[in-house]
Amino acid sequence: MSTQPQEKQQTNCIDLFPLNPEDNDHQNAQGEPVGLIFNIQGHSVHDGPGARTTVFMCGCPLRCNWCCNPEGLFARKVLMTKSKSCIGCGRCVRACPRGGMRISAEGTAEPIREICDNCTTFECVEACYKEGIYISGKEYTISEMMRIFRRDRQFWGSTGGVSFSGGEPLMQKKFMLALLKKCKEIQIHTCVETTACLAPAYFQEVISYVDWVFVDLKHMDPEVHKKYTGVSNKLTLDNIRTLAARKDWNGIIMPRIPIIPGVNDSDENMVATANYLKDIGLDAVNLLPFHRLGESKYRQLGREYVYAEEVPPAHDYMQRLQKIMIDQGLICYVGWETPF
Ligand code: SF4
Ligand code: SF4
């Protein structure tokens, strides 16, 4: 394999997925903050120390086209299809008052995305009794979340807790501030898997209530970062630098680099990332090899998956990148070989 991969000639997926509004807070009819969540997964072991409950929040400020949770790119509920369950009965087509659904040549339900991506009522889902279509995204209040955490707490042991992922887990500001404060109050260990691409004052405030921060560093060059994610890396790098320098926060920062072939796996980018980490006083990094586990979700969202032909990096290639980081003086974990 080449040691200096060719840069990929493809752009971010802003064209495929609408960008999120900056104000991403939701509330219920009683005026309480609610979180829009697309998955809650018990017994997670890769999202922080011990056994954990991982909560996947809707919405993200970045648009990486390798994202393995593309339903999390929407800061709203979104319709997804499950073709294997669909019998092509057409009930959903008849139920939709906006002409948003049709039956495809394959005989399964096919949403017209220009219409369905703006839908808020989802009459089609009510009409389907085969689960051929479903809504990603459900609102939870703080009390409902605490009930789930109390239920799961017995499985966490002494080292586990709650992890927040997404999407960008910290985008729903009011909800996350309130929920993380509550977790801190009753000593629930918390991790976030964040882009750190958030307003600086809010980021530092909310992280005060978090124990572990996994931060994704996609590329050190702001222009290349923008090309592949839709945004510059400046906010991310500045926020992590400020966090690493804080004396009043005792948490752990674990930087993660998703290794995307042809995007960020050059020797130069590895060395630049290592230099940044050393400069801000961090001594470890976690390299995560690209995988295609999210592919079927792109189909369910009616979007193209541009990495369909991409082969995940081989073990020896990951070891070579690991060696670069170790040679730069960092502790380097590959894949899920993290220190927990
Ligand atoms: S999605 Fe459900 S209602 Fe629509 S055609 Fe398929 S089975 Fe019928
Ligand atoms: S999501 Fe809304 S617009 Fe689309 S088919 Fe269902 S009801 Fe119609």
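The values are calculated or read from the model by the stated rules, or taken from the named source; none is laboratory data. Keep in mind it's a predicted model, so treat the numbers as computed, not measured. Using ideal geometry, Cβ is built from the backbone for each residue, glycine included, and neighbour counts are taken over all protein chains shown.
Here are the numbers for this structure:
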| quantity | calculated |
| --- | --- |
| Residues of region 327-340 classified as within 19 Å of N264 (Cβ to Cβ) and surrounded by 13 or more Cβ atoms within 10 Å (Cβ to Cβ), total | 6 |
| Number of positions in region 97-106 that are in contact (Cβ under 8 Å) with a residue 12 or more places away in the chain, in a loop (DSSP other than H, G, I, E, B) and either within 14 Å of ligand 1 (Cβ to nearest atom) or at positive phi (or both) | 3 |
| Unmet requirement for K174, which otherwise passes all of (1) more than 23 Å from H46 (Cα to Cα); (2) within 14 Å of ligand 2 (Cβ to nearest atom); (3) surrounded by 15 or more Cβ atoms within 10 Å (Cβ to Cβ) | (2) |
| Any pair with Cβ under 9 angstrom, 6 or more apart, that starts in region 107-118 at a residue that is within 12 Å of R303 (Cβ to Cβ) and ends at one that is part of a helix (DSSP H, G or I) and among the acidic types (D, E) | none |
| Close pairs (6 angstrom Cβ cut-off, 6 or more residues apart or separate chains): on the phi > 0 side of the Ramachandran plot in region 133-144, surrounded by 14 or more Cβ atoms within 10 Å (Cβ to Cβ) anywhere | G137/L36; G137/F38; G137/C58; G137/K77 |
| Residue match in region 44-58 (condition: modelled with pLDDT under 90 and assigned to a strand (DSSP E or B)) | yes |
| Verdict on A95 being assigned by TED's automatic domain parsing to the domain that holds K130 and either closer than 15 Å to K297 by Cα or away from ligand 2 (no atom under 13 Å from the Cβ) (or both) | no |
| Identity of the residue in region 292-320, farther than 28 Å from I133 by Cβ and of a type in the set (A, V, I, L, M), that ends up surrounded by the fewest Cβ atoms within 10 Å (Cβ to Cβ) | V311 |
| Test for E71: is it surrounded by fewer than 21 Cβ atoms within 10 Å (Cβ to Cβ) and among the acidic types (D, E) | no |
| Residues being crowded, with 16+ Cβ neighbours inside 10 Å and closer than 15 Å to A201 by Cα - total across region 243-254 | 3 |
| Subset of region 133-164 [away from ligand 2 (no atom under 15 Å from the Cβ) and small (G, A, S)] | S143, G157, S158, G160, G161, S163 |
| Helices (runs of 4 or more DSSP H) (entirely within region 169-235) containing at least 2 residues that are at pLDDT below 95 and farther than 23 Å from N28 by Cβ | 222-229 |
| Top-ranked residue of region 81-96 - restricted to ones that are within 10 Å of ligand 1 (Cβ to nearest atom) and of a type in the set (D, E, K, R), ranked as surrounded by the fewest Cβ atoms within 10 Å (Cβ to Cβ) | R94 |
| The lone exception for D221 - which of (1) on the phi > 0 side of the Ramachandran plot; (2) without any contact (Cβ under 8 Å) to a residue 60 or more places away in the chain it fails | (1) |
| Residues located in region 46-71, provided they are farther than 19 Å from T236 by Cβ and either without any contact (Cβ under 8 Å) to a residue 60 or more places away in the chain or of a type outside the set (A, V, I, L, M, F, W, C) (or both) | H46, D47, G48, P49, G50, R52, T53, T54, P70, E71 |
| Residue satisfying all of: in region 110-158; in contact with a strand residue (DSSP E or B) (Cβ under 9 Å, 6 or more places away or on another chain) and of a type in the set (S, T, N, Q); nearest to ligand 1 (Cβ to nearest atom) among these | S136 |
| Condition met for K130 (surrounded by 14 or more Cβ atoms within 10 Å (Cβ to Cβ), near ligand 2 (Cβ under 10 Å from one of its atoms) and over 16 Å from R303 (Cβ atoms)) | no |
| In region 114-127, the residues that are under 30 Å from C64 (Cβ atoms) and either more than 11 Å from ligand 2 (Cβ to nearest atom) or surrounded by 15 or more Cβ atoms within 10 Å (Cβ to Cβ) (or both) | C116, D117, C119, F122, C124, V125 |
| Check on G88, more than 13 Å from ligand 2 (Cβ to nearest atom), assigned to a loop (DSSP other than H, G, I, E, B) and in contact with a His (Cβ under 9 Å, 6 or more places away or on another chain) | no |
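Residue by residue, here is whether (1) surrounded by fewer than 22 Cβ atoms within 10 Å (Cβ to Cβ); (2) more than 27 Å from S158 (Cα to Cα) holds:
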position	(1), (2)
P21	yes, yes
D25	yes, yes
I40	yes, no
H43	yes, no
V55	no, no
C58	no, yes
